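The values are calculated or read from the model by the stated rules, or taken from the named source; none is laboratory data. If you're wondering where the values come from, they're calculated on a predicted model, not measured in any experiment. Every residue, glycine among them, receives a Cβ derived from its backbone with ideal geometry; neighbour counts consider all protein chains shown. In case anyone asks, the SASA skips ligands and DNA or RNA and just uses the protein heavy atoms, side chains included. Shrake-Rupley method; radii C 1.70, N 1.55, O 1.52, S 1.80 Å.
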Amino acid sequence: MTDNFIKTVFARLSIMLLAVLASSQVYAAFEVGCFRYRQINADSVEVVGVASDSINLKHINIGYDVEFEGKVYMIAGIASGAFDGLPDLLTVNTNISDIRYIGSGAFRDCPKLVSADITNTVSEIEGYTFAGCTSLTTVTFQGQIKSVGGHAFEGCTSLNSVVLTGTVSIGDYAFSDCTNLRSAILPWQLEEIGSCAFYNTAISEVSFKDRVKEIGSWAFADCRYLTSVKILGVETDPVDIGPQAFDGSPITYVSLNRDLGGSLINPFGTQVQEVFMGEAFTCVNDRLFEDCASLTEVTFGPSVREIGASAFARCTSLTDIDLPDGLELISSSAFRSCTGLTSVSIPASVTKIDGLVFEYCSNLTSFTLEDSGTPLEMHYLTLNGCPVTDFYMGRDFTRNHFGSIFGAELRSVVMGDMVTEVPDYAFHVRKGLASVTFGENVRRIGNNAFNGCESITGLSLGDNVEEIADNAFIGCAGLTAITIPGSVATIGAAAFRSCPAVVRIELGAGVREIGLWAFVDSQDVSEVVSANPVPPTVNDPFSDRTYAEATLIVPTGSRAAYMAAPYWEEFGTIVERDMSGLTQIGDGSRAAVTVIDGSLSFTADCAGVTVCDAGGRLVYRGAVKAGEKLELAPGNAYIVVMDGRTRKVVL
């Protein structure tokens, strides 16, 4: 390595070192009047403290500039910790300056500081700026404060109000332990509120505007006077609420117009009495108001689509819920143990109800499913432990998880006209069920649907029932008579088995098939009426005693057919009768079916029409429209079953 090379390298390093030193020039501090300053560049200084002889300064007034050794310097800001712990400081006024910043802890622990006036050129209050100023009562911000740092006003126990404008974020513990802070006006620009930001303050209500995105854990915890929380705005993004955000605060009123996110187990505490949901609120979160034992009023907004799991569980003072049209899902245990509820109506818009939704609602006696053409998915334990006595069934179900949905207290079932099927095991062994009203459009009664319902004494099946499935009414010990409408084609095995009080059985003209032991164990039957001129296909449906002692009544002209038919032939007594319920219809009749030009003509719509000839052979089964005609062979008599009535028509 040559000497010239070494000299060249040394020269370049020397130049670089001089450049660094020039760029990192350290300026000396100086004192002017009551303050110490530190030069931060050629033209500006910051206030770093009080002059050595001003430790007992009572009033601070920061101006625009300061002159030192013939040069005027712009005052740019107040340094961190500049006035920390001044024992006698009373007021701070920066309103006559253009300072850009106030450093962290600048006025921390000034025990006598009463007021601070912050110029409009300051846009940020850094951390700990006024922390521990226990006498501070008033802070005036002349401009918009974009952010309030962590612990900025922590422990300012005399501060009673704060008005923030333009603030986007409030840091952790910013106003924590401001025990006399009763009013905090939060701006619409606010997006983030840190953990414990207003912990242990005296505010009584708080309103969050459009842009709030996050409310930190314990942010408003232990606010002993906080009773009202409103989350306003129309933003679609949810507001994240941290754990225990309002823990220990006696909130009684909550207004929600935005969806919520985050950890939401009782975020508003358990003393809530009233909840209002606005138009933009769509989902009640899981466990949102769980254990709010004082909750008496809930107003659901029109946009609510989902109620989450345990959302209102154990809200024991809730006596009424008006669920909104548009609601689609009620999740598990949503209203579990709401012992004040006495009646519930489920809107037609709901498509799914999970298990245990109303479990142990010990005073719930009335349950309504509003009329809907959309089948409902409903868990069989939805009403577990509820003493429901009256059930209105306005719709079908998507699955037969229905067997034990009701308890032994059930007394009455009414089905609406949108119901087409009674599910399998729907009211299985509901021994207290005494009254059942079938809707006009029920087509099928499922397997074991009313098995063991021993308090039912009479049945009025709808005029459009087509199938009665196996065991449908087995064990209905209170039935004394069974009347099957003409629309029914099939009666399943053991459908009415073990109904010992039955004395009369009437089978409509449309019955074509009867399953094994359908009416077995009805020992006191004295009369069986079969209106079908053609003997239905049967598989030993009656008890031996019924064959031996009951009278079988059949349509005129069909006795011979019954005497030759399997099992019907076992009846000891078979008599013919001109079924007195038949209505003779001829030309010019005003009935719903009439004869015009040798054809059957219908004057009204009917969903279910059955036409048989005089020999009982099926000629037509189906729906008809008003004005529709059926062309039949002339010169014959026909039996027409429609609208629950049987008519004899002669062409």
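Data table
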| item | result |
| --- | --- |
| Filter result (in a loop (DSSP other than H, G, I, E, B) and open to solvent by less than 20 Å² (accessible area, probe 1.4 Å)) within the stretch 37-55 | Ala51, Ser54 |
| Residues that are open to solvent by 50 Å² or more (accessible area, probe 1.4 Å) and either closer than 21 Å to Leu376 by Cα or among the aromatic types (Phe, Trp, Tyr) (or both), drawn from the stretch 414-440 | Val414, Asp417, Met418, Thr420, Glu421, Tyr425, His428, Thr437, Glu440 |
| Single residue of Asp210, Asp247 found to be within 19 Å of Thr282 (Cβ to Cβ) and in contact (Cβ under 8 Å) with a residue 24 or more places away in the chain | Asp210 |
| Unmet requirement for Ile96, which otherwise passes all of (1) open to solvent by 60 Å² or more (accessible area, probe 1.4 Å); (2) assigned to a strand (DSSP E or B); (3) of a type in the set (Val, Ile, Thr) | (2) |
| Every residue from the stretch 580-607 that is modelled with pLDDT of 75 or more and either of a type outside the set (Asp, Glu) or more than 24 Å from Glu466 (Cα to Cα) (or both) | Ser599, Leu600, Ser601, Phe602, Thr603, Ala604, Cys606 |
| Filter result for the condition that a residue is in contact (Cβ under 8 Å) with a residue 40 or more places away in the chain and under 30 Å from Arg621 (Cβ atoms), over Ala449, Ala469, Ala426 | Ala469 |
| Any pair with Cβ under 8 angstrom, 6 or more apart, that starts in the stretch 359-374 at a residue that is over 13 Å from Phe406 (Cα atoms) and open to solvent by 40 Å² or more (accessible area, probe 1.4 Å) and ends at one that is β-branched (Val, Ile, Thr) and part of a strand (DSSP E or B) | Glu370/Ile346 |
| Residue match in the stretch 322-335 (condition: open to solvent by 50 Å² or more (accessible area, probe 1.4 Å) and at positive phi) | no |
| Answer residue from the stretch 631-648, given it is surrounded by 19 or more Cβ atoms within 10 Å (Cβ to Cβ) and modelled with pLDDT of 70 or more and is farthest from the chain's Cα centre (by Cα) among those | Tyr638 |
| Some residue of the stretch 229-239 being outside any loop (DSSP other than H, G, I, E, B), farther than 22 Å from Ser147 by Cα and hydroxyl-bearing (Ser, Thr, Tyr) | no |
| Residue check, Thr140 closer than 26 Å to Ser207 by Cβ, touching an Asp or Glu at 6+ places or on another chain (Cβ under 6 Å) and of a type in the set (S, T, N, Q) | yes |
| Some residue of the stretch 357-367 being of a type in the set (A, V, I, L, M, F, W, C) and within 15 Å of the chain's Cα centre (by Cα) | yes |
| Every residue from the stretch 609-627 that is modelled with pLDDT of 65 or more and either among the hydroxyl-bearing types (Ser, Thr, Tyr) or buried (at least 16 other Cβ atoms within 10 Å of the Cβ) (or both) | Val609, Thr610, Val611, Cys612, Asp613, Val619, Tyr620, Arg621, Val624 |
| Residue that is most open to solvent (accessible area, probe 1.4 Å) [pool: residues in the stretch 341-358 that are free of Cβ contacts under 8 Å to residues at least 40 places away in the same chain and more than 23 Å from Tyr425 (Cβ to Cβ)] | Thr342 |
| Within the stretch 252-268, tally of residues that are in contact with a Ser or Thr (Cβ under 6 Å, 6 or more places away or on another chain) and either assigned to a loop (DSSP other than H, G, I, E, B) or touching a residue at least 60 places away in the same chain (Cβ under 8 Å) (or both) | 2 |
| Residue in the stretch 305-320 that is farthest from Gln271 (Cα to Cα), counting only those that are within 12 Å of the chain's Cα centre (by Cα) and open to solvent by 10 Å² or more (accessible area, probe 1.4 Å) | Arg305 |
| Tabulated pairs, the stretch 569-588, first of a type in the set (Ser, Thr, Tyr), second surrounded by 11 or more Cβ atoms within 10 Å (Cβ to Cβ) and modelled with pLDDT of 50 or more, C-beta under 8 angstrom, 6+ apart or interchain | Thr573/Ala550; Thr573/Thr551; Thr573/Leu552; Thr583/Arg645; Thr583/Thr646; Thr583/Arg647; Thr583/Lys648 |
| Enumeration of residues in the stretch 224-253 that are under 23 Å from Gln189 (Cβ atoms) and open to solvent by less than 30 Å² (accessible area, probe 1.4 Å) | Leu226, Ser228, Val229, Ile231, Gly233, Val239, Ile241, Gly242, Ala245, Phe246 |
| Lone unmet requirement of (1) in contact with a helix residue (DSSP H, G or I) (Cβ under 6 Å, 6 or more places away or on another chain); (2) crowded, with 22+ Cβ neighbours inside 10 Å for Ile468 | (1) |
| Which numbered condition Thr551 fails, given (1) out of contact with any Pro (no Cβ under 7 Å at 6 or more places or on another chain); (2) under 22 Å from Val641 (Cα atoms) | (2) |
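Condition check ((1) out of contact with any helix residue (DSSP H, G or I) (no Cβ under 9 Å at 6 or more places or on another chain); (2) among the hydroxyl-bearing types (Ser, Thr, Tyr); (3) in a strand (DSSP E or B); (4) buried (at least 21 other Cβ atoms within 10 Å of the Cβ)) across all residues:
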{"site": "Leu57", "(1), (2), (3), (4)": "yes, no, no, no"}
{"site": "Val72", "(1), (2), (3), (4)": "yes, no, yes, no"}
{"site": "Leu86", "(1), (2), (3), (4)": "yes, no, no, yes"}
{"site": "Lys112", "(1), (2), (3), (4)": "yes, no, no, no"}
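Condition check ((1) under 20 Å from Ala245 (Cβ atoms); (2) β-branched (Val, Ile, Thr)) across all residues:
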site	(1), (2)
Glu290	yes, no
Thr316	no, yes
Ser345	no, no
Asp354	no, no
